Amino acid sequence: MSEPDPKIQAKLRKLERELSSQPARVSPDASPVQERPISHRFAIPLYFLAIAWGQQIIDQIAFAGRWNLPLIPRRVVGIPGIIFSAFSHADFAHLIANSIPFMIFSWLILIQSFRDYWITLLVGWLGGGFCCWLLGPKPVHGLSGVVYTLFGYLLWIGWQERRIIPLVISVFVLVNYGGFIWGVLPQDPRVAWWGHLIGFILGIGTAYLLGKNQPKDLANQ
């Protein structure tokens, strides 16, 4: 067998050095998707709560509980409350009562879908805020309307999609947190039950629309 030509070997080595020195190129058609770590998903509701807890701590320390951000229905001055009222609470007891179910319901949705969680959260937060501004009888603040949106979604999504994991979660929520349903009724004059009712209806509607738009092959699994 004849020895390789030294000139050819030199050209091959030069070509190899040039290729190794160039950055790798990604095809424009390629769209690699990196799965978001589950720990990052579970941190999302904690970021949301951090704003509410920060507001409450500042309120109690600097303003003696008078720095409230209420949603005032049908008044221009109340429009900012559509965004900010969810982060404002009467006291720490009020905030704790909302924080615990908010975290649990958020995590139960994040187990199923990152996208659905963001849609449901925004519907409950901004959509619920707008509906309370438009329809509510008096000023309101707190995270409970969002909590009821997440609650309504969780109750409905399992029956809508008829898949194992969502159905098990819906049954779990019904069994363990079914008592929340009484919060949509006018029992305590200090409780903004209409905000709960609006949030609950929005949550069911969101679950219905998101479940209806699931691909058929997923819905039948």
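Data for the structure
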| read-out | value |
| --- | --- |
| Of all residues making up the stretch 28-68, the number that are among the basic types (Lys, Arg), within 24 Å of the chain's Cα centre (by Cα) and modelled with pLDDT of 80 or more | 1 |
| Failed item, numbered, when Ile58 is tested on (1) farther than 23 Å from Val173 by Cα; (2) open to solvent by less than 80 Å² (accessible area, probe 1.4 Å); (3) part of a helix (DSSP H, G or I) | (2) |
| Odd one out for Ala52 among (1) open to solvent by 20 Å² or more (accessible area, probe 1.4 Å); (2) in contact (Cβ under 8 Å) with a residue 12 or more places away in the chain | (1) |
| Residue within the stretch 76-92 that is under 21 Å from Pro186 (Cα atoms) and at pLDDT below 95 present | yes |
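The values are calculated or read from the model by the stated rules, or taken from the named source; none is laboratory data. Remember, predicted model here, so these are calculated numbers, not experimental data. Every residue, glycine among them, receives a Cβ derived from its backbone with ideal geometry; neighbour counts consider all protein chains shown. In case anyone asks, the SASA skips ligands and DNA or RNA and just uses the protein heavy atoms, side chains included. Shrake-Rupley method; radii C 1.70, N 1.55, O 1.52, S 1.80 Å.
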